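The values are calculated or read from the model by the stated rules, or taken from the named source; none is laboratory data. As the structure is a computational prediction, the values presented were derived from the model and not from experiment. Cβ coordinates were reconstructed from backbone atoms using ideal geometry, including for glycine residues, and neighbour counts include every protein chain displayed. Ligands, DNA and RNA are excluded from the accessible area calculation, which covers all protein heavy atoms including side chains. Shrake-Rupley method; radii C 1.70, N 1.55, O 1.52, S 1.80 Å.
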Amino acid sequence: MPQTHIFWFRRDLRIDDNAGLFHALKSGAAVRCVFVFDTDILAALPAADRRIAFIWDCVEALRQRLQAAGSDLYVAHGRAQDIIPNLAEQWGARRVFANRDYEPAAISRDKQVAEQLAQQSGQLELFKDQVIFETDEVLTAAGRPYTVFTPYKNAWLKRLDPFFVQAYPSQNRLKQLACWQAPPSPSLETLGFKRTNSALQAGGEAADQLFADFILRITHYKSWRDFPATKGVSYLSTHLRFGTISIRKLAQFAWQQGGEGAECWLGELIWRDFYQQLLWHFPHVVGNSFKEEYRQLQFENSQEWFAAWQEGQTGYPIVDAAMRQLKQTGYMHNRLRMITASFLVKDLLIDWRWGEAYFAETLLDFDQAANNGGWQWAASTGCDAQPYFRIFNPVTQSEKFDPEGKFIRRYVPELGSFNNKDIHAPWLAKNPPLGFKLQHDYPAPIVDHAVQRQRALQLFDKNKT
Ligand SMILES: Cc1cc2nc3c(=O)[nH]c(=O)nc-3n(C[C@H](O)[C@H](O)[C@H](O)COP(=O)(O)OP(=O)(O)OC[C@H]3O[C@@H](n4cnc5c(N)ncnc54)[C@H](O)[C@@H]3O)c2cc1C
């Protein structure tokens with residue numbers, strides 16, 4: 001009997017160019033693949049969570065691909081800390097391969113799994129897969145982690161060479177997979193979830209199609225990416241989050257392509273690495289401001305305003321359109337994430353952690369590092385954040401980035417007959433559309449931006465060091 005090793009899929013749901021899978025297959029043993037629907041994670045999620053349906057479909061696609069290669073995927077439901085060591089014992093597998101995850105909860109889970117495996121004379125072997133540079137691969141000359149993006153980006157680009165973006169051709173070694181049949185997978189309903197209305201297709205093929213479509217537009221990325229009504233961005237964040245597409249493939253393409261658009265997009269992929277290494281070096285950012293002086297900010301935290309923000313009923317059309325897009329689709333454009341986050345913290349004076357938690361529940365692409373980084377940037381509490389006195393005006397942002405109100409009209413249809421000028425601030429319209437009644441048809445603004453701006457400045461000024 002050949003020796004068995006395990007490959008454990010987590011946020012790397014693909015067969016192609018998968019570093020950990022490549023190393024497992026190269027080890028010479030027969031490899032059995034496993035995915036765990038982890039009850040420690042699932043327990044906190046609502047039945048209609050879009051992400052679980054997305055993951056379920058990705059796992060199903062993986063299973064079919066492994067079956068086509070003469071092998072299979074064991075899809076388990078339970079605590080990974082129990083399941084992985086149990087399977088290793090049952091199958092006599094000493095080595096368990098997986099790709100590294102930098103979130104504090106995942107690090108703690110992996111430590112427990114590794115400890116349990118060690119007691120069985122086994123080991124957990126982790127590989128870099130979801131970023132180009134991890135942990136302390138890009139440090140300052142003094143050997144410290146970067147906390148400012150631009151020098152990090154420069155050092156990242158300086159360090160880059162073809163090795164770091166080269167694919168791990170795991171797909172060429174599938175004959176090393178164990179020839180076996182796994183039990184049936186639990187259905188979505190058995191897991192306690194139901195199908196949702198996500199427009200995003202799951203799986204590696206869907207990710208490749210999105211990327212192929214984006215390649216046709218990448219040269220325009222820099223000039224189009226800030227306009228939510230324009231198809232300017234890649235829409236790959238969810239696939240990157242769950243690893244249905246390889247970061248190496250994307251970074252390699254952008255790097256080799258060059259030019260303004262591709263370079264700008266590569267910069268966004270570097271932001272992704274930046275926040276991953278930041279979370280790894282400074283795990284205290286989970287639940288705390290990076291900057292110590294802002295840990296005591298006394299937010300007002302109005303429940304009523306928070307609910308209006310969540311429901312897209314603030315009376316500021318661009319904010320409401322964005323929040324409704326999030327609720328209806330699980331996606332929000334980056335410019336709108338910045339506007340809505342700034343609005344929550346600096347117009348509604350609500351703790352950024354409330355917004356961070358709501359995005360974490362709702363975003364299909366939720367990623368702890370990027371979400372925390374984005375919120376701390378907008379709230380000015382982060383390491384390389386928007387200065388606290390630079391406060392987005394939701395009306396001028398709307399005029400600039402949705403000049404014809406196309407995006408607003410898509411998600412706030414009750415404002416559909418406003419002209420392109422008045423749609424950004426309907427309460428100021430001298431001649432609103434016939435029959436339109438402010439507050440009856442659409443809310444009057446729940447706060448006055450000019451007043452709240454001053455109050456936000458006072459709040460932050462009090463804590464200035
Ligand atoms: C408040 C706030 C919360 C955010 N929460 C998340 C989150 O939970 N998950 C998430 O993936 N991104 C998050 N972002 C970053 C960004 O908004 C999304 O990555 C982007 O909108 C996804 O769309 P896209 O794939 O079309 O991006 P593109 O513009 O095509 O960018 C390509 C990829 O680069 C990465 N990226 C782009 N911008 C950033 C950034 N600022 N920080 C880190 N990575 C970036 C993403 O992986 C993205 O898919 C957040 C930003 C803010 C301001």
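Key figures for this structure:
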{"quantity": "Accessible surface, segment 292-462, averaged per residue in Å² (probe 1.4 Å)", "calculated": "42 Å²"}
{"quantity": "Residue list for segment 355-387, given a label point 7 angstrom along the Cα-to-Cβ vector of Asn334 and an amide N cut-off under 12 Å", "calculated": "374"}
{"quantity": "Pairs beyond 28 Å (Cα-Cα), from Lys111/Lys153; Lys111/Lys194; Lys153/Lys291; Lys291/Lys400; Lys158/Lys222", "calculated": "Lys111/Lys153; Lys111/Lys194; Lys291/Lys400"}
{"quantity": "Distribution of pairwise C-alpha distances over segment 237-377, 5 Å bins, in %", "calculated": "2, 9, 17, 20, 18, 15, 11, 5, 2, 0"}
{"quantity": "Centroid-to-centroid separation of segment 27-86 and segment 150-213 [C-alpha atoms, Å]", "calculated": "13 Å"}
{"quantity": "Within straight-line cross-link reach of Lys430, aspartates and glutamates at Cα separation under 16 Å, skipping those fewer than 8 residues along the same chain", "calculated": "Asp422"}
{"quantity": "Cα centre as origin, Lys/Arg/Asp/Glu Cβ charges: the chain dipole, Debye", "calculated": "540 debye"}
{"quantity": "Helical segments meeting 18 Å axial Cα length and Kyte-Doolittle -0.5 threshold in the chain (DSSP H)", "calculated": "50-68, 259-281"}
{"quantity": "Förster-model FRET efficiency, 45 Å R0, Glu404 and Lys462, C-beta, rounded to 0.05", "calculated": "0.65"}
{"quantity": "Distance between modelled label sites at Glu304 and Leu434, nm, 7 Å Cα→Cβ extension", "calculated": "3.6 nm"}
{"quantity": "Neighbour net charge for Ala182 - beta-carbon separation under 12 angstrom, K R +1, D E -1", "calculated": "+1"}
{"quantity": "Viscosity 0.692 mPa s, temperature 37 °C, Stokes-Einstein D of segment 292-462 from Kirkwood C-alpha radius, µm²/s", "calculated": "202 µm²/s"}
{"quantity": "Förster-model FRET efficiency, 30 Å R0, Ile41 and Glu115, C-beta, rounded to 0.05", "calculated": "0.95"}
{"quantity": "Partner lysines for Lys26 [C-alpha distance under 21 Å; skip if fewer than 8 residues away on the same chain]", "calculated": "Lys128, Lys175, Lys249"}
{"quantity": "Size of the chain as Cα extents on the principal axes (Å, biggest first)", "calculated": "82, 52, 43"}
{"quantity": "Theoretical ellipticity at 222 nm over the chain - DSSP helices of four or more residues, -39500 (n - 2.57) apiece, nearest 500", "calculated": "-13500 deg cm²/dmol"}
{"quantity": "Estimated D of segment 4-128 in µm² per second, where Rh is the Kirkwood radius over Cα pairs and Stokes-Einstein applies at 20 °C, 1.002 mPa s", "calculated": "145 µm²/s"}
{"quantity": "Spacing of the two label points (7 Å from each Cα toward its C-beta) at Cys179 and Lys194, in nm", "calculated": "4.4 nm"}
{"quantity": "Carbon plus sulfur fraction of accessible area for the chain, probe 1.4 Å, in percent", "calculated": "50 percent"}
